[in-house]
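Asker: I have a structure I would like to understand better, so I am pasting it below and will then ask my questions one at a time.
The values are calculated or read from the model by the stated rules, or taken from the named source; none is laboratory data. These numbers come from a predicted model, not from an experiment. Here the Cβ positions follow ideal geometry from the backbone for every residue, glycine too, while neighbour counts run over all protein chains shown.
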Amino acid sequence: MHVSYHTVADVDYNSLIPRQLKADEISAQGPDMSLNNLIEYNKADCLGLLEKADTAELWDVFLEGQAKLFFDSEVQWFANADWWQSSKRILEIGCGNGAYIAKIADQFQGKKFLGIEKLPLSVAQAQERNSRDNVTFREGDAEVFEPQLIDSADIILFRLVLQHLNDPVIALKEAARYLSTNGHVLIIDAYDKARRTSHPITAIDEALALAAESQLKNRSGNRRITLDLLQTFEDGKSPLSGLYEVVFSNLDAKGNIFCGGIQSKGKRAREIYFNYGLLFLTLVHRTYQVPVNLDKAYEELKSYREDKEAWSSMGMHLLVLKKKSNRI
Ligand SMILES: C[S@@+](CC[C@H](N)C(=O)[O-])C[C@H]1O[C@@H](n2cnc3c(N)ncnc32)[C@H](O)[C@@H]1O
């Protein structure tokens with residue numbers, strides 16, 4: 001299958017993260033800023049900061065950074081689609097601190113967005129930092145049906161959420177009831193094997209493999225849920241086939257890439273990736289109790305960061321389902 005990559009060396013990554021702090025400014029900025037600027041520290045201090053950091057704070061900073069890093073390459077998949085352009089109401093289920101949906105809302109100001117999220121602390125962070133005229137947030141559970149959401153959205157976004165759910169099929173069945181006629185579900189989830197970088201970051205690959213094993217063993221999620229869903233549609237055995245049809249996937253059900261992602265390049269993108277990689281590994285370690293080698297990760301990410309030619313392309317699976325018109 002032909003794989004096509006586009007480059008976006010000209011993306012203005014300077015607008016994406018706060019300016020770099022001088023060493024003597026850092027302590028005055030509080031822990032948030034230090035986790036956003038791990039690049040400013042030597043290895044021992046950097047790993048010390050990560051070890052001491054509060055988990056909720058790590059998640060908060062991580063989700064903000066991740067939205068910055070991934071948004072430009074993901075938005076290309078849907079921005080020009082008819083179903084996206086004609087939509088008016090977008091519901092994100094499992095919106096975290098709202099960092100990602102706020103970026104979409106800023107780019108598509110004519111649409112209205114609602115983010116729902118299970119964790120009250122994340123809802124509070126979203127309300128405080130990422131509310132907009134066209135974006136609101138509230139608590140809600142993907143697996144618990146909410147009658148007031150019936151026919152409330154033209155598009156429902158599940159981004160990096162289905163992989164964490166006990167029952168993603170239930171969540172998608174409920175989503176069909178929340179969608180308008182001919183509404184769409186936009187699923188964006190990680191497929192680790194589709195990740196590409198110019199430099200091997202083996203510490204991340206190893207940790208991801210262990211996390212996937214741990215999830216399956218403890219029945220606490222599935223890092224390849226979207227491929228499994230796609231496979232059931234292809235086999236004609238999907239419990240969702242009465243509700244939805246698949247209208248787009250950038251991977252086939254075996255994980256082969258039909259359409260590649262954008263390569264992130266440039267100094268700022270490399271710096272963001274350095275920060276993101278270290279936060280990510282710390283969270284994988286705490287969430288799945290798997291060993292991670294932060295020392296090695298630091299060195300690998302540092303080599304990546306220092307190589308002007310380095311690039312990365314995120315391993316994301318975009319799967320778009322269209323609600324069938326004869327139902328609900
Ligand atoms: C990896 S974060 C992704 C956040 C956001 N979608 C983004 O892309 O930045 C996954 C989020 O899903 C939330 N979540 C997990 N299970 C949920 C459920 N049953 N209902 C609603 N949210 C849930 C978590 O609390 C977390 O905030």
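Asker: Counting only residues that are over 20 Å from ASN97 (Cα atoms) and within 12 Å of the ligand (Cβ to nearest atom), which one in segment 146-170 is farthest from the chain's Cα centre (by Cα)?
Answerer: GLU146
Asker: Checking the condition at pLDDT 95 or above, among the β-branched types (Val, Ile, Thr), surrounded by fewer than 13 Cβ atoms within 10 Å (Cβ to Cβ) and at negative phi, which residue from VAL144, VAL123 passes? Walk me through it before giving the result.
Answerer: On the way: VAL123 fails: surrounded by fewer than 13 Cβ atoms within 10 Å (Cβ to Cβ).
Result: VAL144 is the single residue among VAL144, VAL123 that is at pLDDT 95 or above, among the β-branched types (Val, Ile, Thr), surrounded by fewer than 13 Cβ atoms within 10 Å (Cβ to Cβ) and at negative phi.
Asker: Inside segment 194-203, can you point out the residues that are closer than 22 Å to ARG224 by Cβ and touching a strand residue (DSSP E or B) at 6+ places or on another chain (Cβ under 9 Å)? Before the answer, list the steps.
Answerer: So in segment 194-203, the residues closer than 22 Å to ARG224 by Cβ come out as 194-197, 200-203.
Hits for segment 194-203 are ALA194, ARG195, ARG196, THR197, ILE201.
Asker: So ALA203 fits all but one of (1) touching a residue at least 60 places away in the same chain (Cβ under 8 Å); (2) within 11 Å of the ligand (Cβ to nearest atom); (3) of a type in the set (A, V, I, L, M); what number is the exception?
Answerer: (2)
Asker: So how many residues does segment 171-200 have that are aliphatic (A, V, I, L, M), assigned to a strand (DSSP E or B) and more than 14 Å from the ligand (Cβ to nearest atom)?
Answerer: Step one: list which residues in segment 171-200 are aliphatic (A, V, I, L, M), which gives 171-172, 175-176, 179, 185-188, 190, 194.
If we keep only those that are assigned to a strand (DSSP E or B) too, we end up with 179, 185-188, 190.
Checking the rest, the ones that are also more than 14 Å from the ligand (Cβ to nearest atom) come to 179.
The number of residues fulfilling the criteria is 1.
Asker: Given the options ALA105, ALA79, name the one that is closer than 30 Å to VAL144 by Cα, modelled with pLDDT of 90 or more and within 14 Å of the ligand (Cβ to nearest atom). Reasoning before the result, please.
Answerer: Numbers: ALA79 fails: within 14 Å of the ligand (Cβ to nearest atom).
The conditions single out ALA105.
Asker: Let me spell it out: the conditions are (1) within 12 Å of the ligand (Cβ to nearest atom); (2) closer than 23 Å to LEU121 by Cα, and PHE71 meets all of them except one. Which number is the exception?
Answerer: The one condition PHE71 does not meet is (2).
Asker: Go through segment 40-59 and count every residue that is surrounded by 20 or more Cβ atoms within 10 Å (Cβ to Cβ) and out of contact with any Leu (no Cβ under 8 Å at 6 or more places or on another chain).
Answerer: Number of matching residues: 0.
Asker: Take the residues in segment 82-96 that are within 20 Å of the chain's Cα centre (by Cα) and more than 12 Å from the ligand (Cβ to nearest atom), then tell me which one is surrounded by the most Cβ atoms within 10 Å (Cβ to Cβ). Lay out the reasoning, then the answer.
Answerer: First, the residues of segment 82-96 that are within 20 Å of the chain's Cα centre (by Cα): 84, 90-96.
Filter once more, so that each one left must be more than 12 Å from the ligand (Cβ to nearest atom): 84, 90.
Numbers: TRP84: 20, ILE90: 23.
Only one residue tops the list, namely ILE90.
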